[in-house]
Amino acid sequence: MKYTIKKDPHEDERVQEIIEISGQNIFSCYQCGRCSSGCPMAEFMDILPNQVFMYLQEGDVDTLLKAKTPWICAACFTCTVRCPVGLDLAAVMEAIRELQLRKNYDFVDPYKVEERDILPPIALVSNFRKFTP
Amino acid sequence: MAMNRIGVFICHCGRNIAGTVDVKRVAEEIGKREDVVLSTTYIFMCSEPGQKLIEESIKKYNLDGVVVANCSPTLHEKTMRNAAARGGLNPYRVEIANIREWAAWPHEDNPEAATRKAIRIINATIEKLKANASLEPIEVPVTRRALVIGGGVAGIQAALDLADAGIETILVEKEPSIGGNMFRLSETFPTLDCPQCILTPKMNDVAQHPNIKLYAYSEVESVEGYMGNFKVRIKKKSTFVDWDKCTGCGECLRVCPISVKSEYDLGMGERKAIYIVNEQAVPLKALIDENSCIRLQFEKKVREGKIKPKKAVKICSKCADVCEPNAIHFKNNEEIVEEEVGAIVVATGYEVMPAEAFPELGGKYPDVLTALQFERLLAPSGPTAGIPRRPSDGKVPESIAFIHCVGSRDPQNGVPYCSRICCMYTIKQAMLVKHALPKTAVYDFYIDIRSNGKGYEEFYHRAKEEYGVNFIRGKVSKVYKVGDKYRVQGVDTLTGRIIEVDVDMVILATAAKGSTGVKELAKKLRIPYDEWGWLKETHLKLRPLETPVGGVFIAGAAQFVKDITDSVSQGSGAAAKAMTLLSRPQLEKEPLLAKVDTEICAGCGRCKDQCAYGAISIDPVRHVAVVNEALCEGCGACSANCPTTAIQVVNFKKGQIIRAVDVLAEVF
């Protein structure tokens with residue numbers, strides 16, 4: 001795997017957008033790894049939460065938009081509570097999802113959800129909230 | 001004369017000795033000897049009650065010799081000898097039997113053997129002790145003057161502290177101005193003080209202090225003598241200018257037609273053949289570089305007969321023509337001065353490995369610089385007035401990569417240690433780039449950020465959070481040219497992928513080493529050093545400023561690379577150590593020195609050749625060896641080489657040692 005830094009990640013528009021949406025200075029992360037070590041969902045993620053910040057600090061938003069991690073994040077806030085520099089990771093994950101959703105791409109087609117009759121309505125509601133614009 | 005009222009004290013050392021060695025049995029066995037009147041044990045001989053026990057037993061049993069069986073004599077020989085002296089016994093009638101390091105610790109698995117070995121060690125020590133003579137310490141006078149070698153920040157601080165204490169101090173600096181590496185820096189971490197602003201007051205103090213004699217552009221030629229009484233020869237290198245007349249006006253610099261790369265700017269800027277190091281130099285005096293001045297080169301060639309001018313030729317004398325005080329004389333004014341001092345502080349500092357040593361990181365390219373060179377480009381007083389520009393084309397860089405640990409933590413290609421200051425100065429330089437050129441992208445490739453100082457970690461976070469410096473964890477392996485740019489190929493070990501970035505300049509934080517020439521100086525001073533040119537302290541933790549040579553102290557980056565805070569602390573510390581020595585009216589010296597039996601000595605001179613301290617001479621009239629007690633260190637090299645055992649170290653005589661060895665070598 002290889003990644004070429006084309007321009008200063010600080011100047012990258014999409015990184016700036018994530019900073020703006022989340023209100024978090026993603027460049028203050030110094031990669032201690034505490035978010036990943038404490039994350040209850042980390043084992044299901046393809047990119048660990050601390051790596052999400054490294055990708056952002058390198059300006060590689062493309063990889064993150066393709067990643068499962070932001071969608072697996074349950075926003076339980078364990079990482080946010082434990083982060084030594086006070087970053088709200090859940091807000092950053094939300095910002096990444098937001099960026100994807102603003103492309104107006106539906107991850108879930110309500111009509112294709114199987115067994116929607118027996119699913120609790122709240123599951124469907126949150127599903128639509130999270131996976132559709 | 002042989003002792004027959006010996007007291008033996010066996011220490012438990014808590015469980016260190018008593019846990020393995022059966023101390024009660026040892027005491028009983030030793031007690032059986034006829035010459036031993038007291039054999040006892042105690043839990044801690046080094047404690048106050050333990051020492052009291054020795055004192056009181058000497059009086060009670062009228063002891064004429066004492067053996068203390070405990071730890072290594074390096075730890076408590078002095079303690080026990082002092083205790084005996086308080087009890088009224090000559091301290092040189094006390095010997096230490098080391099049963100902790102020699103018996104208890106190495107034979108933890110075999111207590112029986114350890115116990116027998118302890119008995120044997122004590123018996124051998126008693127045999128050695130029995131022929132000990134009572135000795136008195138030798139008194140040596142002290143010269144109340146100090147020498148500081150190296151005029152960097154540590155040396156300046158040491159010289160100022162010594163001078164303020166009323167001690168006449170000589171400061172020797174090999175470069176034409178004091179200030180050292182600190183004066184080259186742009187700003188200092190973590191406060192971003194300008195080093196010129198904070199160092200010039202100290203430099204001026206050095207120049208004006210009535211107790212400081214400054215020899216700039218000078219080197220220590222030779223050192224003789226011993227603690228309290230050193231004779232130092234200092235070579236004042238040739239400047240070709242009369243410094244007594246030179247006012248430092250700088251007129252000569254303006255007219256000199258020859259320009260060469262400046263050593264002060266580390267090749268980043270230029271200077272003339274006649275030059276003043278910088279505007280704030282102390283002393284502010286001009287000097288001519290013999291190798292670049294056309295006149296001196298011409299005269300040299302004529303002298304060597306390479307050129308034979310037919311008639312008298314007038315070669316450039318532009319500088320001398322404009323010199324109002326007539327200071328420039330073009331004559332070799334090298335001079336050797338002799339100084340007598342009582343203590344020496346060595347503060348020779350550090351230097352960094354050159355970029356050329358790392359061709360894989362682009363060291364051969366003009367825009368790949370060492371961090372110290374880059375300091376000059378960032379310095380407001382530097383050749384680019386503080387706005388970094390590429391040396392190749394003068395372009396202001398749009399992107400810069402910094403690479404940490406170049407040669408450091410790399411025993412295969414550089415040095416095994418961490419150079420300690422690079423993390424912080426790299427972060428500082430990254431910040432300063434952002435100050436000067438906010439639009440320039442800065443990439444910082446590191447393995448670890450080591451920010452272990454007051455305010456250092458906060459400084460790092462400022463660079464990360466506020467200044468927009470990009471930190472990438474992983475060491476760069478390759479830098480090569482692509483068009484106008486340099487491609488940096490590194491790795492991001494946190495995401496596990498190769499990172500490539502094209503930049504305009506690359507700055508290498510190359511490993512620090514001891515200064516050039518420090519090894520030669522160390523040989524002159526007879527102090528130890530390691531393969532990277534760091535001077536060795538007596539004890540890394542507890543005696544970091546002392547060397548094994550009495551009266552010679554080390555300070556600052558001469559011992560190991562340090563930041564300014566630590567260098568200044570060590571400068572003051574070494575000065576305090578020197579003051580302790582110089583504040584005594586006389587020095588006491590251990591009397592365990594070589595002594596010549598003139599009845600036997602044939603004056604062959606073998607001992608004289610072996611003596612590393614130059615303490616032995618051959619009396620031309622009586623034709624026997626003579627020992628200078630002040631110089632002798634009691635090492636015993638002479639004794640080992642004497643064919644007739646005429647020269648021996650007091651209380652380490654051949655008979656004593658042989659008897660002790662006899663006891664030790666008896667078959668179990």
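Fewest first, what order do A:Met1, B:Met203 take by the number of other Cβ atoms within 10 Å?
Listing A:Met1, B:Met203 from fewest to most nearby Cβ atoms yields A:Met1, B:Met203.
For region B:246-309, which GluC sites (Glu not before Pro) pass both filters: DSSP loop (anything but H, G, I, E, B) and at most 11 other C-beta atoms within 10 Å?
B:Glu279, B:Glu304
Counting other Cβ atoms within 10 Å, which chymotrypsin sites (Phe, Trp or Tyr not before Pro) in region A:29-133 have at most 15 and lie in a DSSP loop?
Values: sites: A:Tyr30, A:Phe44, A:Phe53, A:Tyr55, A:Trp71, A:Phe77, A:Tyr105, A:Phe107, A:Tyr111, A:Phe128, A:Phe131; in loops: A:Tyr30, A:Phe77, A:Tyr105, A:Phe107.
Qualifying residues, ordered by number: A:Phe77, A:Tyr105, A:Phe107.
Hey, got the dipole for region B:463-590? About the Cα centre, +1 on K and R Cβ, -1 on D and E Cβ, debye to the nearest 20?
Working: 20 positive and 16 negative charges, 89 e Å.
With only Lys, Arg, Asp and Glu charged at Cβ, the dipole is about 420 debye.
Across peptide B:495-506, what mean number of C-beta atoms from other chains lies inside 10 Å of a residue's C-beta?
Mean shielding count: 4.
Hey, if you put +1 on the Cβ of every Lys and Arg and -1 on every Asp and Glu Cβ in the protein assembly as shown, which of B:Gly269, B:Cys423, B:Val368 ends up farthest toward the positive end of that dipole?
Final value for the positive-end residue is B:Gly269.
Stokes-Einstein at 10 °C, 1.306 mPa s, Kirkwood radius from Cα pairs: D for the protein assembly as shown in µm² s⁻¹?
Translational diffusion coefficient: 49 µm²/s.
With θ set to phi - 60°, apply the Karplus curve 6.51 cos²θ - 1.76 cosθ + 1.60 along region A:19-32 and write out the HN-Hα couplings as whole Hz, x wherever there is a Gly or Pro.
4, 5, 5, 7, x, 10, 7, 5, 7, 7, 5, 10, 6, 6
Go through region A:57-133 and name the GluC sites (Glu not before Pro) that are in a DSSP coil and have 11 or fewer other Cβ atoms within 10 Å of their Cβ.
Taking region A:57-133 and a limit of 11 other Cβ atoms within 10 Å, the loop GluC sites (Glu not before Pro) found are A:Glu114, A:Glu115.
For region B:627-634, in order, what is each residue's ³J(HN,Hα) by Karplus, 6.51 cos²θ - 1.76 cosθ + 1.60 with θ = phi - 60°, in whole Hz (x at glycine and Pro)?
9, 7, 4, 5, 8, 5, 9, x
Nearest 500 deg cm²/dmol is fine: what mean residue ellipticity at 222 nm does chain B get from its DSSP H runs of n ≥ 4 alone, each adding -39,500 (n - 2.57), divided by its residue count?
Details: 17 runs with 184 residues, N = 668.
For chain B, the value works out to -8500 deg cm²/dmol.
Using modelled backbone amide H atoms (1.01 Å from N, in-plane), which distant-in-sequence or interchain residues come within less than 5 Å of B:Asp597's amide H?
B:Ile647, B:Gln648
Assuming a ≥ b ≥ c are the square roots of the Cα gyration tensor eigenvalues, decide whether region B:328-465 counts as rounded (a/c under 1.5), prolate (otherwise, with a/b larger than b/c) or oblate.
Prolate shape, in that a/c is at least 1.5 and a/b is the bigger ratio.
Assuming 0.890 mPa s and 25 °C, estimate D for chain B with Stokes-Einstein, Rh taken as the Kirkwood radius over Cα pairs, in µm²/s.
Using the Kirkwood radius from Cα pairs, D works out to 83 µm²/s.
Near the amide H of B:Asp193, under 5 Å away, which other amide H atoms are found, from residues 5 or more places off or on another chain, if H is placed in the peptide plane?
For B:Asp193, whose amide H was placed from the backbone, the distant partners under 5 Å are B:Thr188.
From the backbone phi of region A:53-65, what are the Karplus-calculated ³J(HN,Hα) couplings (6.51 cos²θ - 1.76 cosθ + 1.60, θ = phi - 60°) in whole Hz, Gly and Pro given as x?
5, 5, 4, 5, 5, 9, x, 9, 7, 3, 4, 5, 5
Along the charge dipole of chain B, Cβ charges K/R +1 and D/E -1, which of B:Met80, B:Gly636, B:Asn132 sits furthest on the positive end?
Result: B:Gly636, furthest along the dipole toward the positive end.
Collect residues whose amide H, placed 1.01 Å from N in the peptide plane, falls under 5 Å from the amide H of B:Glu221; neighbours closer than 5 in sequence don't count.
B:Arg233, B:Ile234, B:Lys235
Which Cα, out of B:Ile387, B:Asn452, B:Gln412, lies furthest along the positive dipole direction of region B:352-512 (beta carbon charges, K/R +1, D/E -1)?
Checked the options; the winner is B:Asn452.
Treat every Asp and Glu Cβ in chain B as -1 and every Lys and Arg Cβ as +1, leave all other atoms uncharged, and give the resulting dipole magnitude about the Cα centre to the nearest 20 debye.
So the dipole magnitude of chain B works out to roughly 1040 debye.
As an exercise, take the mean of 1/r over every pair of distinct alpha carbons in region B:592-662, invert it, and state the Kirkwood radius in angstroms.
12.0
Please state the charge dipole magnitude for region B:251-332, taken about the Cα centre, from unit charges on C-beta atoms (+1 on K and R, -1 on D and E), reported in debye and rounded to the nearest 20.
720
Among the helices of chain B (complete DSSP H runs), which have Cα atoms covering no less than 15 Å along the helix axis and a Kyte-Doolittle mean of at least 0.0?
Correct list, ordered by number: B:153-164, B:422-436, B:564-582, B:654-665.
Let me check I've understood the local charge: for B:Leu542, count other residues with C-beta under 15 angstrom from its C-beta, Lys and Arg +1, Asp and Glu -1. What total comes out?
The answer is +3.
Just so you know, all these numbers are worked out from the coordinates, no wet-lab data involved. Just so you know, these numbers come straight off a predicted model, no measurement behind them. Counting neighbours? That spans all protein chains shown, and the Cβs are built from the backbone with ideal geometry, glycine included.
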